[in-house]
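J.: Once you've had a glance at the structure underneath, I'll fire off some questions.
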Amino acid sequence: MLGLPSTTEVGRRIPKEAFYGRLKVSAALRQSFIDDVERFVIANSIKTSTTGIPDGERVHEVLVVEVALKSRCVPKEVLALVAQANPHKLLFACTFNDEVRLAVMLKRLVVGPWRPFDCLTLDMNVSDVDAVWDSLASQVVYNDAGGGPETIEERFEADARIKTLHEELARVEARGRKERQVARKNALFDKAKELKRQIADTESDRRGQ
């Protein structure tokens, strides 16, 4: 699957009940398991013993989980629950007919676009299992293979922080343009200046890694 080494193939089906039967789930989420998912299959297990790739410090195994769907609707809450309940890193391959959407869980679930299943091949950085995870997850989140000094988690968190700071800066600057009272206008100007400093510091920290 996905152009991964044949030595990693598993093909073991996991009953849906194994998830919603032993985990605390709401009635609605349990119904989503039943209504939205046809089956779960552990398609690949990427680790030292199946690839010869050196073990990682953070990641010891990446499981590729095929999630055969009953429609084009990806049940994000279901995938998030499965990922949070599993100690391994999971790469979800959500399939419907001849298409696939990949998904990974970072601070939140990130789901890629629909792609033709037969044409999709993933690249693996084989330095160690940490790098395998970073490269696979980067292709889902950023459509690149990563390879920089940041882990995928660090990259995602820094991007989220910069996005939040930019959004706050836009709000503060908009309020500053409308404010007529001099003291409040100056306070907003100072706040905007501080937000710009935080953005610059975050971006500088990333370049310095």
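J.: Taking the chain, how many lysine pairs are there with alpha carbons less than 13 Å apart, if each pair must be eight or more places apart or span two chains? Each step should come with its number before you reach the end.
T.: Values: K47/K89; K89/K107; K163/K196; K185/K193.
The number of close lysine pairs in the chain is 4.
J.: If you take the charge dipole of the chain about its Cα centre, with +1 on Lys and Arg Cβ and -1 on Asp and Glu Cβ, which of V126, G11, V110 is farthest toward its positive end?
T.: The Cα lying farthest towards the positive end belongs to V110.
J.: Please sort by residue number the GluC sites (Glu not before Pro) in segment 1-68 whose DSSP state is loop and whose Cβ has at most 14 other Cβ atoms within 10 Å.
T.: Loop-located and lightly packed - E57.
J.: What value does segment 156-209 have for Rg/Rh, both radii from Cα atoms and Rh as Kirkwood defines it?
T.: 1.09
J.: Hey, fewest Cβ within 10 Å first, where do I46, I14 land in order?
T.: On the way: I46 25, I14 13.
Fewest-to-most ranking of I46, I14: I14, I46.
J.: Please compute the Kirkwood hydrodynamic radius of the chain from all pairs of different C-alpha atoms, in Å with one decimal.
T.: 19.4 Å
J.: For N86 and W114, what does the FRET efficiency come to when R0 = 22 Å and r is the distance between their Cβ atoms, rounded to the nearest 0.05?
T.: Calculated value: 0.35.
J.: Return the Rg/Rh ratio of segment 1-123 with Cα-based radii and a Kirkwood Rh.
T.: Taking Rg over the Kirkwood Rh, I get 0.95.
J.: Right, next: Normalise the Debye intensity by I(0) for segment 128-197, one equal point scatterer per Cα, no solvent, then take log10 at q = 0.12, 0.20, 0.21 Å⁻¹ and round to two decimals.
T.: -0.49, -0.76, -0.80
J.: What is the ratio of the Cα radius of gyration of segment 2-71 to 2.2 N^0.38 Å, with N the residue count, to two decimals? Working shown, then result.
T.: On the way: Rg = 14.9 Å, N = 70, 2.2 N^0.38 = 11.1 Å.
With N residues counted in segment 2-71, Rg over 2.2 N^0.38 Å equals 1.35.
J.: Considering only K76, K47, K89, give the residue with the highest GNM mean-square fluctuation for the chain, with springs between Cα atoms whenever their separation is below 10 Å.
T.: K76
J.: Another question, then. Stretch D190-L106 to full length: gain in nm at 0.36 nm per residue minus the Cα-Cα span? Each step should come with its number before you reach the end.
T.: Details: separation 84, 0.36 × 84 = 30.24 nm, distance 3.37 nm.
Length gained between D190 and L106: 26.9 nm.
Values quoted throughout were computed directly from the atomic coordinates according to the rules given, and no laboratory measurement underlies them. Note that this is a predicted model, so its numbers are computed, not measured. Neighbour counts are summed over all protein chains in view; Cβ atoms, including those assigned to glycine, are modelled from backbone coordinates with ideal geometry.
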